[in-house]
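Worksheet for the structure shown next.
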Amino acid sequence: MNTHKNILAALTVSALINSLSFATDSQPAAGPTDDSDAGVPAPRQGDINGDGMVNIDDVWLVIEAWGDYAYRPRADIFPAQGDNRVDGLDLFMVISNWGA
């Protein structure tokens, strides 16, 4: 049953991504940096894997952790303090920050 949920989530994500206008995955995100780290980009909301970009890799991490209630996974990004599950709110945060 989880496989069906993951497939449905992937199809939903694909449809949402196709409707967005965004930077390509190969382009680094533009934005402010944290001056205390001398050129190291500040963390971006939705950047789950910490590569400095919000892209398909982050979406896949949310999908892989979808419905996880056993512990607070790193994909549990919304609300900010977490709610111990990965769901549509977390996916929305990644998609709404796509390309950032």
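The values are calculated or read from the model by the stated rules, or taken from the named source; none is laboratory data. If you're wondering where the values come from, they're calculated on a predicted model, not measured in any experiment. Here the Cβ positions follow ideal geometry from the backbone for every residue, glycine too, while neighbour counts run over all protein chains shown.
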>> Given the criterion at pLDDT below 90, surrounded by fewer than 17 Cβ atoms within 10 Å (Cβ to Cβ), of a type in the set (A, V, I, L, M, F, W, C) and more than 18 Å from ASP47 (Cβ to Cβ), identify the matching residue among ALA70, ALA80.
In response: ALA70
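Would it be correct to say that GLN45 is surrounded by fewer than 19 Cβ atoms within 10 Å (Cβ to Cβ), of a type in the set (S, T, N, Q), modelled with pLDDT of 60 or more and in a loop (DSSP other than H, G, I, E, B)?
Yes.
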